[in-house]
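Report on the structure given below.
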Amino acid sequence: MSPKAALLLGVAAVATGEPTAFGTARLGSLTVTSSVLLSAKAVDMRGVWNDTKVACTVSRPLRVRVLVDRVAGGKTTRVRRAGTFRDTNCAEGGPNVGFTLRARSIGLACPNGRWKPGLYHFLTRAKEPKRELEAAASLDWTNTRRC
């Protein structure tokens, strides 16, 4: 992480009771936020930037890297994704660029599409490359529900 970045991690609960995590970093007028939003069959892992001194029409790249680890029976399964997305300032509704990973599509689903039992670690890192500000959201979750 850049020495310029101040990292603040936060965890919030959504009304549905699904596990959720947010992380925010701020440098002057620039804020970068990352999120992990877990549902029964998928995880939404996204980032966003906002700069109060820049017009809402300005678009910048945002680098989003995500990691999903599942530990079960002494074996770890790791899934990684990374991408750079053009994102405009003043995004509404929170983090909006990144990945939605379905448990089935990444090989971590039961036959019904729900997450397989195990210990999961979800990590989203979003970085605004111009000022090298990065925010991370991390969520650990144990799924004891059988397939």
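What the table below lists for this structure:
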| read-out | value |
| --- | --- |
| Filtered residues of the range 110-130 (kept if more than 13 Å from residue 80 (Cα to Cα) and open to solvent by 20 Å² or more (accessible area, probe 1.4 Å)) | 111, 112, 114, 116, 117, 119, 127, 129, 130 |
| Residues of the range 55-72 satisfying the condition of being of a type in the set (A, V, I, L, M) and within 25 Å of residue 82 (Cβ to Cβ) | 58, 62, 64, 66, 67, 68, 71, 72 |
| Subset tally (residues that are open to solvent by less than 40 Å² (accessible area, probe 1.4 Å), closer than 16 Å to residue 49 by Cα, in a strand (DSSP E or B) and of a type outside the set (Val, Ile, Thr)) for the range 69-98 | 3 |
| Meets criteria (touching a strand residue (DSSP E or B) at 6+ places or on another chain (Cβ under 8 Å), small (Gly, Ala, Ser) and part of a loop (DSSP other than H, G, I, E, B)) for residue 107 | yes |
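The values are calculated or read from the model by the stated rules, or taken from the named source; none is laboratory data. A quick note: this is a predicted structure, and the numbers were derived from the prediction, not measured. Using ideal geometry, Cβ is built from the backbone for each residue, glycine included, and neighbour counts are taken over all protein chains shown. These accessible areas exclude ligands, DNA and RNA; they are computed on the full protein's heavy atoms, side chains included. Shrake-Rupley method; radii C 1.70, N 1.55, O 1.52, S 1.80 Å.
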